[in-house]
Amino acid sequence: MEDYISAYNGLPGPLVAAAQEGHKDSPLSVPCTTNIETTNDLLAAAQKNGHARASVTGNDLFNVVASTAWLRSNCGVADVPVESMRDILTNGYNES
């Protein structure tokens, strides 16, 4: 989803705005809603199998991906340690 959201420079902002409740008239709201609903379905399966916390929502994951895409879009891929960010987002920052 990160590559999708950062496909065009400046795209993360309008996608996040379209995903908000007050922007249902945006042409981007349908693809955003579909992405979030699909993410909710995948997340529910992961939660059922103990692979994701129950408190996490599809909207939370959409916002995290949009944030990462925004960084890539505004800083340039070479300037953003994407793999390091994904690792922290996936595994946390505490020693295990």
**Request:** Take Val16, Val64 and order them by how many other Cβ atoms sit within 10 Å, fewest up front.
**Result:** Val64, Val16
**Fill in**
Residue-ordered couplings for the range 81-86, obtained by feeding phi - 60° into the Karplus form 6.51 cos²θ - 1.76 cosθ + 1.60 and rounding to whole Hz (Gly and Pro as x), are x, 4, 4, 5, 5, 4
**Prompt:** Residues with amide H under 5 Å of Ala52's amide H, sequence separation 5 or more or different chain, H placed in the peptide plane at 1.01 Å from N; which?
**Reply:** Gln47
**Fill in**
With x for Gly and Pro, the residue-by-residue ³J(HN,Hα) of the range 26-36, computed from phi through the Karplus equation 6.51 cos²θ - 1.76 cosθ + 1.60 at θ = phi - 60° and given in whole Hz, is 6, x, 8, 5, 5, x, 5, 4, 4, 4, 5
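Under 8 Å for C-alpha pairs, at least 6 residues apart: give me the relative contact order for the range 18-65, rounded to a whole percent. Could you put the intermediate results ahead of the total?
Details: 28 pairs, mean separation 14.4, N = 48.
Relative contact order of the range 18-65: 30 percent.
Computed from the coordinates by the stated procedures, all read-outs in this text should not be read as laboratory data. Remember, predicted model here, so these are calculated numbers, not experimental data. Glycine also receives a Cβ, built like all others from the backbone with ideal geometry; neighbour counts cover every protein chain displayed.
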